[in-house]
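Since the structure comes first, as structure tokens, the remarks are kept for the end.
Where a number appears in this text, it was derived from the coordinates with a stated rule and is not lab data. Predicted model only: the values in this text are computed from it and were never measured. Neighbour counts run over all protein chains shown; Cβ positions are idealised from the backbone, glycine included.
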């Protein structure tokens, strides 16, 4: 358990699902922190110093010790501020939480992103199919639980913020039907519960500017076809 | 801590670096298990039942509860049999161990594999460059420690068995210089220490048949150019 004078910083950008994961974890734990907004077109010295390997956000800095990779950061936060657990205590349930959060990163984030932003038609179709297949696995895994973590949200739910908030935006822009209430009723219900959770509601970025940002990106890609 | 009658199974193939990671962890903990050899050209009902998502090995089955993904399995083993720790106890050191083992999977396994087995010359060059850049980060991270984990090996060392044992084989077959003692003296010294560790020595697959297997694969790829 952390104690005493804490220096907690998060290097990030508004609108990144990976940064948002860390913000949800911190808000859930009630940890105060300083948000340092990065300009990814002109990365700060601080970002390059703290994450020389990937040079990406989020970077979490606790008492001058930096950590990168959103899921690694969330586990660190859970182990450092141990109230309001994010991972279950049972080793097998912990393993499943790690498995499914990795599954979201490996099988959904990239595929859904490429489905929306790939110009090549064949490549797009392939990624649509892969996204749908992966979402079906999650739909089955959720069963009739409120959250993947059970009655309260946990690691998989936090990883899944990309599905709950970002996928609906990018699929609307690209005119795709990836994650809909008809195709995935349980997962859709979960997404509404999750986005309406008081902790999540408070840190989710505003939808309209994000929509405009991704729309501009989509249009510039389509124009360059 | 696990106790009582244990049913411990590992579904795997000899010659897989991911299966080998789990074998190292089990041997290090002194956990007895049954090794169930899979034929990946004709996957067993058991594999499809226990890992319906990826249909891949390794799958670890503890008292009929299955877990997939080698690093998730290794963490589960560490949390279940808590003697001879694989992850450090300090949350920050744990985060670093997770970061670097993920780094090996994300930045080295794929790149080194493609560097050896890609027929396209440009693609090969790109992957050689990426492998070298990633290995340099590991060389810098190792510093003058015996193992990434310190005096005893840990998660990053176990993840790195791919670098210590598999990369030298595939680079020799493909006539590449990726991981050499000249380029990466510290990492090379680490690899020798690691491969000579009594636990690792006992579970590393025999080199010659593996070499022949990959050589045949390389030659059939080159022939299909």
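Restricting the count to DSSP beta bridges whose residues both fall in region B:8-80, what percent are antiparallel, rounded to a multiple of 5?
Taking every DSSP beta bridge within region B:8-80, about 65 percent pair in antiparallel fashion.
Ignore the peptide's own chain and count Cβ atoms of other chains within 10 Å of each Cβ in B:11-21; give me the average, rounded.
0
Please say if chain B is rounded, prolate or oblate, where rounded means a/c under 1.5 for a ≥ b ≥ c the square roots of the C-alpha gyration tensor eigenvalues, and otherwise the choice is prolate for a/b larger than b/c and oblate otherwise?
Note, shape of chain B comes out oblate.
Give me the percent relative contact order of region A:91-223, please, defined on Cα pairs under 8 angstrom at least 6 residues apart.
Reported as a whole number, the value is 25 percent.
Quick check on the protein assembly as shown: of the DSSP beta bridges with both residues there, what percent are antiparallel, nearest 5%?
70
In nanometres, what is the gap between the two model label sites at residue A:64 and residue B:64, each 7 Å from Cα along Cα-to-Cβ?
Rounded to a tenth, the inter-label distance reads 5.5 nm.
For region A:1-127, what proportion of DSSP beta bridges, expressed in % and rounded to the nearest 5, is antiparallel?
65
At residue B:189 and residue B:213, where each label point lies 7 Å from the Cα along Cα→Cβ, what is the point-to-point distance in nanometres?
Inter-label distance under the simple model: 3.3 nm.
Would you list A:122, A:186, B:5 from fewest to most Cβ contacts within 10 Å?
In order of increasing Cβ crowding within 10 Å: B:5, A:122, A:186.
Quick one: compute the contact order of region B:1-99, relative version, from alpha carbon pairs under 8 angstrom and 6+ residues apart, as a percent.
Here the relative contact order equals 33 percent.
Based on the alpha-carbon set only, what is the convex hull volume of region B:33-88 divided per residue, in Å³?
About 91 Å³ per residue, rounded to a whole number.
Could you tell me the center-to-center distance, by alpha carbons, between region B:97-173 and region A:139-214 in angstrom?
35
Quick one: pull the percentage of alpha-carbon pairs in the protein assembly as shown with a separation above 32 Å.
Considering the protein assembly as shown, 42 percent of its Cα-Cα pairs are separated by more than 32 Å.
Using Cα pairs under 8 angstrom and six or more residues apart, how large is the relative contact order of chain B, in percent?
20
Fewest Cβ neighbours within 10 Å first, please rank A:182, A:193 accordingly.
Starting with the residue having the fewest Cβ neighbours, the order is A:182, A:193.
Output the Kirkwood hydrodynamic radius of region B:1-120, Cα pairs only, in Å rounded to one decimal.
About 15.6 Å, per the Kirkwood formula over Cα pairs.
Can you give the helix-only mean residue ellipticity at 222 nm for chain B, where every DSSP H stretch with n ≥ 4 adds -39500 (n - 2.57) and the sum goes over all residues, rounded to the nearest 500 deg cm²/dmol?
-16000 deg cm²/dmol
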